[in-house]
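Report on the following structure.
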Amino acid sequence: MTQAVGSADGVTVAGGTGERYGEVLTDRALGLLALLHRRFDGRRRELLAAREERYAQLAAGATLGFLPETKDVREDLSWRVAPPAPGLVDRRVEITGPTEKKMTVNALNSGAKVWLADQEDANTPHWGNVVQGPLNLGDALAGTIDFTSPEGKAYAVRDLSTTIVVRPRGWHLPEKHVLVDGEPMSGSLVDFGLHLVHNGQALLDAGKGPYFYLAKLESHLEARLWNEVFLAAQEYVGIPRGTIRATVLIETYPAAFEMEEILFELREHSSGLNAGRWDYLFSVIKKFRTRGADFMLPDRNSVTMTAPFMRAYTELLVSTCHRRGAHAIGGMAAFIPSRRDAAVNEVAMTKVRDDKTREAGDGFDGSWVAHPDLVPLCREVFDAVLGDRPNQLDRLREDVHVTAEQLLDVAATPGEVTEAGLRNNVSVGIQYVESWLRGGGAVAIFNLMEDAATAEIARSQVWQWLHNGVTLADGQTVTRELVERVITEELAKVRTDEEGRRWDEARDLFAELALAEDFSEFLTLPAYERMP
């Protein structure tokens with residue numbers, strides 16, 4: 001039954017209404033959205049412009065480094081972030097996934113300590129998803145959520161011991177279905193505000209709180225803006241200052257040089273940093289895409305966490321976090337166990353175990369998995385290191401001394417650029433975009449759970465290889481003609497005839513992004529324009 005939504009002065013809900021929408025889009029919620037937009041959207045736009053200015057400098061030959069103007073923050077050893085909040089003390093296993101019903105139930109039943117309830121890369125911003133996400137989380141907290149599959153299998157939440165942490169969209173993404181004074185809102189502020197108003201008190205009543213993951217930040221100034229948002233929102237909803245906590249994904253190249261400053265800006269609201277490694281690779285390509293061989297990555301699937309520049313990034317993250325009393329959370333294990341191929345599982349599970357063992361040994365306090373079947377493996381590995389301890393914040397990693405040169409040493413990455421790598425990028429990119437356009441942001445492709453970060457790496461590598469005239473391992477040069485032929489051939493391999501599929505649109509969008517003279521900052525921006 002369609003339900004009327006609330007109202008607030010100057011706010012227009014342009015996305016339509018549906019069953020129970022009025023429970024989320026209340027007068028109070030829309031009032032908070034209006035306040036956040038009017039107070040902070042101008043600064044958000046200024047910071048997005050600053051991103052463009054920084055890229056222009058990099059394209060002109062500048063490089064990245066630790067900021068001289070914030071040296072005092074890095075050298076002041078006296079400050080710490082807030083102590084871990086309830087439900088965020090032990091984070092040894094975190095599962096990620098979108099906030100649709102089935103994932104909500106499966107994540108909360110998985111045995112993971114934390115669920116990253118994703119409204120960003122593993123979600124698509126269809127208006128229904130934007131509203132349904134807070135509803136599903138609210139139903140889970142109330143113990144009323146359930147799900148029945150088309151095959152008749154029933155799912156229900158068994159307990160609520162898993163801590164919910166919501167990831168709103170990044171600062172760059174708009175929400176065209178909510179207008180304030182005639183302007184579209186920030187998707188970040190919409191996702192944040194609706195969850196806080198609808199679920200914040202229920203989370204507090206459950207003994208935890210409104211916790212968030214912050215995506216795609218490129219500077220400590222962007223973290224400062226989030227901190228100001230938190231202060232204003234806490235005052236509006238009437239909860240104590242510092243109740244909100246946020247873990248920042250270090251998934252952009254510039255942010256790797258500002259980890260301490262980001263923690264400092266959020267210190268009373270901070271719950272640590274995460275190594276968002278797939279988007280990090282995308283950012284490396286994006287920021288230095290025209291700089292030739294020094295920043296040319298080999299095939300996406302051959303870049304491992306043992307590559308020197310990736311090793312420097314994760315070592316720095318752990319040491320930075322622990323010297324400030326903050327959790328360091330490791331990267332994603334995206335493998336989806338096969339129900340039919342034991343050999344595939346054996347090889348993949350060995351790689352996952354090795355990856356998690358390295359992270360636990362390096363001092364990470366926990367790590368991510370994308371599938372419930374990986375939770376026991378990740379927990380086993382971290383249990384072996386942590387034992388009865390909830391974390392290893394006391395392991396300061398004073399042996400780590402990472403330089404800017406080490407973070408920038410992309411050229412030392414082993415591997416080749418191959419036709420197989422080009423074809424994999426094209427195939428994964430098209431398959432993901434097709435699913436995204438239909439509303440699916442977490443997509444199983446070749447036994448991996450892919451989200452927008454994977455598609456971003458795939459299409460940006462094709463763009464970089466093409467526009468730098470890269471030679472493949474077999475001697476072929478990456479040309480427009482080669483890419484167009486591969487697009488045609490790879491689409492033919494995966495195309496299906498099911499009703500509602502959007503293969504032609506996906507092909508056209510991928511080709512547009514990969515072949516265009518100008519690089520598009522995020523594929524989700526032109527994709528969003530194609531969404532109703």
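The values are calculated or read from the model by the stated rules, or taken from the named source; none is laboratory data. Only a predicted model underlies this, so the values are computations on that prediction, with no experimental measurement involved. Positions of Cβ are backbone-derived with ideal geometry, glycine not excepted, and every protein chain shown enters the neighbour counts.
Evaluate segment 410-423: report whether one residue or more is within 27 Å of Asp362 (Cβ to Cβ), under 22 Å from the mean Cα position of the chain (by Cα) and small (Gly, Ala, Ser).
no
Taking the stated definitions as given, is Glu94 in a helix (DSSP H, G or I) and either among the charged types (D, E, K, R) or within 30 Å of Phe519 (Cα to Cα) (or both)?
Considered against the rule, which asks whether it is in a helix (DSSP H, G or I) and either among the charged types (D, E, K, R) or within 30 Å of Phe519 (Cα to Cα) (or both), Glu94 comes out as no.
Quick check on this structure: which one of Arg20, Arg38, Arg43, Arg91 is outside the structural domain of Arg323 (by TED's automatic domain parsing) and among the basic types (Lys, Arg)?
Among Arg20, Arg38, Arg43, Arg91, only Arg20 is outside the structural domain of Arg323 (by TED's automatic domain parsing) and among the basic types (Lys, Arg).
Hey, does segment 325-341 have a residue that's modelled with pLDDT under 95, farther than 30 Å from Leu77 by Cα, of a type in the set (Val, Ile, Thr) and surrounded by fewer than 18 Cβ atoms within 10 Å (Cβ to Cβ)?
No, segment 325-341 contains no residue that is modelled with pLDDT under 95, farther than 30 Å from Leu77 by Cα, of a type in the set (Val, Ile, Thr) and surrounded by fewer than 18 Cβ atoms within 10 Å (Cβ to Cβ).
When you go through Thr2, Thr12 one by one, which is the residue that is closer than 30 Å to Leu135 by Cα, touching a Gly at 6+ places or on another chain (Cβ under 8 Å) and modelled with pLDDT under 95?
Thr2
Identify, please: which residue in segment 490-514 is touching a residue at least 12 places away in the same chain (Cβ under 8 Å) and under 16 Å from Gly440 (Cα atoms) and is, among those, farthest from the chain's Cα centre (by Cα)?
In this case the residue turns out to be Gly500.
Answer yes or no as to whether Asp399 is free of Cβ contacts under 8 Å to residues at least 40 places away in the same chain and touching a helix residue (DSSP H, G or I) at 6+ places or on another chain (Cβ under 9 Å).
Spelling it out, Asp399 is indeed free of Cβ contacts under 8 Å to residues at least 40 places away in the same chain and touching a helix residue (DSSP H, G or I) at 6+ places or on another chain (Cβ under 9 Å).
Quick check, is Thr471 hydroxyl-bearing (Ser, Thr, Tyr), out of contact with any Cys (no Cβ under 6 Å at 6 or more places or on another chain), closer than 26 Å to Tyr253 by Cα and surrounded by 14 or more Cβ atoms within 10 Å (Cβ to Cβ)?
For Thr471, the condition - hydroxyl-bearing (Ser, Thr, Tyr), out of contact with any Cys (no Cβ under 6 Å at 6 or more places or on another chain), closer than 26 Å to Tyr253 by Cα and surrounded by 14 or more Cβ atoms within 10 Å (Cβ to Cβ) - is not met.
Filter segment 242-260 for residues that are β-branched (Val, Ile, Thr) and assigned to a strand (DSSP E or B); which is nearest to Leu67 (Cα to Cα)?
Of everything passing the filter in segment 242-260, Val248 is nearest to Leu67 (Cα to Cα).
Criterion first (in contact with a strand residue (DSSP E or B) (Cβ under 9 Å, 6 or more places away or on another chain), assigned to a loop (DSSP other than H, G, I, E, B) and within 20 Å of Ala246 (Cα to Cα)) does Pro86 satisfy it?
Answer is yes for this residue.
Considering (1) assigned to a helix (DSSP H, G or I); (2) surrounded by fewer than 24 Cβ atoms within 10 Å (Cβ to Cβ), say which one Ile239 fails and leave the rest.
Among (1) assigned to a helix (DSSP H, G or I); (2) surrounded by fewer than 24 Cβ atoms within 10 Å (Cβ to Cβ), the lone unmet condition for Ile239 is (1).
Take segment 347-367 and flag every residue that is hydrophobic (A, V, I, L, M, F, W, C), under 22 Å from the mean Cα position of the chain (by Cα) and assigned to a helix (DSSP H, G or I).
Those that are hydrophobic (A, V, I, L, M, F, W, C), under 22 Å from the mean Cα position of the chain (by Cα) and assigned to a helix (DSSP H, G or I): Val352, Ala360.
Within the group Val5, Val13, which residue is outside the structural domain of Ala232 (by TED's automatic domain parsing), surrounded by 15 or more Cβ atoms within 10 Å (Cβ to Cβ) and out of contact with any Phe, Trp or Tyr (no Cβ under 8 Å at 6 or more places or on another chain)?
Matching residue, one of Val5, Val13: Val13.
With respect to Gly439, determine if the residue is in contact with a strand residue (DSSP E or B) (Cβ under 7 Å, 6 or more places away or on another chain) and of a type outside the set (Val, Ile, Thr).
no
State whether the residues of segment 52-74 include one that is out of contact with any helix residue (DSSP H, G or I) (no Cβ under 8 Å at 6 or more places or on another chain), under 30 Å from Ala333 (Cα atoms) and part of a helix (DSSP H, G or I).
Taking every residue of segment 52-74 in turn, none turns out to be out of contact with any helix residue (DSSP H, G or I) (no Cβ under 8 Å at 6 or more places or on another chain), under 30 Å from Ala333 (Cα atoms) and part of a helix (DSSP H, G or I).
Can you name every residue in segment 16-53 that is of a type in the set (Lys, Arg) and either within 17 Å of Ser188 (Cβ to Cβ) or crowded, with 16+ Cβ neighbours inside 10 Å (or both)?
Residues satisfying the conditions are Arg20, Arg38, Arg39, Arg43, Arg44, Arg45, Arg51.
List pairs: first in segment 303-325 and in contact (Cβ under 8 Å) with a residue 12 or more places away in the chain, second of a type in the set (Ser, Thr, Tyr) and buried (at least 22 other Cβ atoms within 10 Å of the Cβ), Cβ under 7 Å, 6+ apart or cross-chain?
Cβ pairs passing all conditions: Met305/Thr314; Tyr313/Tyr280.
Can you tell me which residues in segment 381-403 are part of a helix (DSSP H, G or I) and either surrounded by fewer than 13 Cβ atoms within 10 Å (Cβ to Cβ) or outside the structural domain of Leu64 (by TED's automatic domain parsing) (or both)?
Answer for segment 381-403, where residues must be part of a helix (DSSP H, G or I) and either surrounded by fewer than 13 Cβ atoms within 10 Å (Cβ to Cβ) or outside the structural domain of Leu64 (by TED's automatic domain parsing) (or both): just Ala384.
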